[in-house]
Every structure is written in C-alpha cells, then in structure tokens.
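Here's the structure we're looking at; comments come further down.
What follows is calculated from the coordinates using simple rules that are stated; it is not laboratory data. Nothing here was measured: the structure is a model prediction, and the numbers come from that model. When we count neighbours, we look across all protein chains shown, and the Cβ atoms used for this are built from the backbone with ideal geometry, even at glycine.
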C-alpha cells in the first residue's frame, strides 16, 4: 500500500533509507560524533546527499546510562528538528522518542514520524501521532522498560510475539486516529531479545511482512551481528549488510541505518533479484 509519512507519500514498491542522527554524547556507535548541533546538521546534509529519504533524530541513547529527563530530551531535539525542517522541506523527519510530551513538541517543530523504539511505554504517544497526522513506528520489545538491557528473556515463539505485539499496537494507533497508511511495524532487533531471538526474527521476517503492515528493520551494527561474527562495533558492516539482504528479500520497506550508500545498494540489488525493481540500466547483450 502507499506509505504516508506526514506530508510525504511513497508507493508500495519503494524502499526507504532512514539515516540515524544522534543528538547524544554517548551513542554506542558514533561516540558523540554528532552531539554538537552543527555536527549533527552536517550529518543530515551528508545523508541527504547520499539519498536518504528519512532522517531519524534521537536525543537519548537506547542503552542504560545517565538519566535524561523530558526537559533535557526536548532541548536536544526540538529546535534541531525545526532547523532541519527549514533547510529540507521535502525530507521526512523522524524522531526516536517514547515520550508523548516530547513527541508533541517535535511534531509542532515539523517532525513527520514518531519512532517509538520502546513499544508503547507511554500509551499517550498514539494520541499525539493522531492529533498531528504523523507516522508512527510500532516496535516489539517484549514489555521491556525503556533503556534496559534484556536478561534471560524467554519467548515460546519470538516471531509470533513480535507479530502479536506490533500488530496490536498498530491497531490501537489506528483506533486512536492515526491513518492506517502511516503506521509501520518493527521487530526491534536486540530490544528485549538475545542474539538467538534476533536471528530468528531475521530468518522469519517474511511472516511480519505478510501481516500487510509496512515493516521497518533497524539492523545497523547491532549486538546480534557483533556476537554472531565476534566483531566489535565499527567492524560490523559486512554482517549488517548480510542481515539487510535477508530482510530485503523478505520485503522490509524501511531500513534504519548508519551507512546509507552501502545499504541502499544492498537493498536495491536484492529487490531487483526478487523482481520488485528493474535494473537501473540493462544494455548487456542488447547493444
């Protein structure tokens, strides 16, 4: 189906790159490289040039760490969203937050999507998305408290749990007034999951795609990749792209990434092999 993210529409054969922009001093991957606002803005300019359709701006790292209250999170993201919106009117701006109050503020500043990485921890976030007519990403975390790591979590079937929880969240969002074509589901690799769970979700992602809801995957440099290959952060690109290819073959629509160019080429190649996208050119043997 056509995907509508705020003021932007994308056909059902479009795949989208969602580039990560961290307004944090302690991100696990970039270690604060885009903490300063001007550095974050340079990152936006770079990923737009590389072809990202979406930027995902976050003010709190997912892992445990220093407590970031609502006021501090707002100070990191609201004015920055307004700056990006003024400079890039056609760019989809997503904000990674679980707080409804922060969500409302960034929507007023020009955000198009609320990326709730913590699976509905604040139940009022759906109402904010509905009020502002923005997109909503509904994730599966197994009920984890925001900014906690999983410990010996068990599922009878992690994929069925991910489908049940994300679809229920998506349906609750629609019932609250969010447009159905603006709701996306995300199995949330690593969140509320061990490495075996994330590998299972990757292997069976097609089952989530079959629900009919557009699927987002956030695979970039995740721990399940690092543990599988015994690779530290910064050396996980090959593993990330391998997982990306599997998810692309299954039909994932949105890819939350650090490396835009490499991911775009991987997804385009897989979608072309799958018959969903024509080659950019095909003259071999014809001229």
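Spacing of the modelled spin labels on residue 79 and residue 66, each 7 Å from Cα toward Cβ, amounts to 1.7 nm. Taking the DSSP beta bridges in the chain as the whole, what percent of them are antiparallel, to the nearest 5? Once the DSSP bridges in the chain are tallied, antiparallel ones form about 10 percent.
Remark: 131, 73 ranked as 131, 73, counting other beta-carbon atoms within 10 Å and listing the fewest first. Would you give the gap between the C-alpha center of the range 193-269 and the C-alpha center of the range 114-187, rounded to a whole Å? Computed from Cα coordinates, the inter-centre distance equals 19 Å.
I'd like the distance between the alpha-carbon centres of the range 1-70 and the range 85-111, rounded to an integer number of Å. What the calculation gives is 11 Å, centre to centre.
Dividing the mean sequence gap of close Cα pairs (under 8 Å, 6+ apart) by how many residues the range 3-273 holds gives a relative contact order of 18 percent. With contributions of -39500 (n - 2.57) from each DSSP H run of at least four residues, the per-residue ellipticity at 222 nm computed over the chain stands at -12500 deg cm²/dmol.
Annotation for residue 29 and residue 13: the two label points, set 7 Å from Cα along the Cα-Cβ direction, are 2.9 nm apart. Spacing of the modelled spin labels on residue 175 and residue 262, each 7 Å from Cα toward Cβ, amounts to 4.3 nm. Each 5 Å bin from 0 upward holds the following percent of the Cα-Cα pairs of the range 131-175: 5, 19, 23, 23, 16, 9, 4, 2.
With the cut-off at 1.5 for a/c, could you classify the range 3-273 from its C-alpha gyration tensor as rounded, prolate or oblate? Kindly include the intermediate steps, with their values, before the conclusion.
On the way: a/c = 1.21, a/b = 1.14, b/c = 1.06.
Rounded.
Based on alpha carbons, the Rg and Dmax found for the range 1-96 are 13.9, 41 Å.
At a 10 Å Cβ-Cβ cut-off, how would you order 147, 281, fewest neighbours first?
Numbers: 147 17, 281 6.
In increasing order of surrounding Cβ atoms, one gets 281, 147.
Working from Cα pairs under 8 Å separated by at least six residues, relative contact order for the range 1-76 is 31 percent. Sorting 235, 90 by the number of Cβ atoms found within 10 Å of their own Cβ, with the fewest placed first, yields 90, 235.
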